[in-house]
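Take a look at the structure below.
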Amino acid sequence: MIGRRLPRLILLCGLPGSGKTTLAKRLASEVPALRLCPDEWMAELGVDLFDEQFRDRLERVFRKHALDLLRIGQSVILEFGFWSRAERDEMRVAGRALGVSVELHYLAVPFDELVRRVDARHSEGMVGTVPITRELMTEYQRLFQAPGQDEVDLFDYSQP
């Protein structure tokens, strides 16, 4: 590809309030890349952000769409949170099978700051936000599998 950059698959990993959307918007402009954010689509469609079955179906569609876009040379940012290593591995392997660069951007933020941020964005009335209690964030933190260095080393680029 003379004069063109190879497409990039960028995975944003982190809990609510970690800054995924802020980073995704900046990267979408800089790369440039198409940004796929389930929360925004669900809010726009009027779907409850806690509807896990719908979210799972939407993320499956986004994964397929992302791979189709990568095949035609379009860089893509998946703003899913990627809470499990299995999810991250699946997309890394799929991207590599297409011959594209796969990046992991893990946004590690202290727990109390996450809680402060989700409280602030909800109280400010940001579109597409829902109240997330400290108790729910505690449960999310318990479910979240942070990437270790062994995993980070598998990506073409990763943001600490």
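The values are calculated or read from the model by the stated rules, or taken from the named source; none is laboratory data. None of these values were measured; they are calculated from a predicted model. In this analysis, Cβ positions are derived from the backbone assuming ideal geometry, glycine residues included, and neighbour counts consider all displayed protein chains.
Scan the stretch 127-160 for residues that are among the aliphatic types (A, V, I, L, M), at pLDDT 95 or above and loosely packed, with under 12 Cβ neighbours inside 10 Å and the total you get is 1. Across the stretch 16-45, the qualifying residues are those that are among the small types (Gly, Ala, Ser) and either modelled with pLDDT of 95 or more or under 13 Å from the mean Cα position of the chain (by Cα) (or both), and the one among them that is nearest to Thr133 (Cα to Cα) is Gly17. Taking the conditions exactly as written (touching a helix residue (DSSP H, G or I) at 6+ places or on another chain (Cβ under 9 Å) and either in contact (Cβ under 8 Å) with a residue 12 or more places away in the chain or of a type in the set (S, T, N, Q) (or both)), does Ser29 satisfy them or not? The answer is no for Ser29. For Leu107, indicate whether it is of a type in the set (A, V, I, L, M), modelled with pLDDT of 95 or more and more than 15 Å from the chain's Cα centre (by Cα). No. Among the residues making up the stretch 50-86, a single one is under 11 Å from the mean Cα position of the chain (by Cα) and free of Cβ contacts under 8 Å to residues at least 24 places away in the same chain: Glu59. For Val130, the requirement of being out of contact with any strand residue (DSSP E or B) (no Cβ under 8 Å at 6 or more places or on another chain) and within 16 Å of Pro38 (Cβ to Cβ) is met. For Leu78, the criteria (1) under 20 Å from Leu143 (Cα atoms); (2) among the hydrophobic types (A, V, I, L, M, F, W, C); (3) assigned to a helix (DSSP H, G or I) hold in every case but one, which is (3). Could you pull out the residue among Glu124, Glu79 that is loosely packed, with under 12 Cβ neighbours inside 10 Å and within 18 Å of Thr22 (Cα to Cα)? Result of the check over Glu124, Glu79: Glu124.
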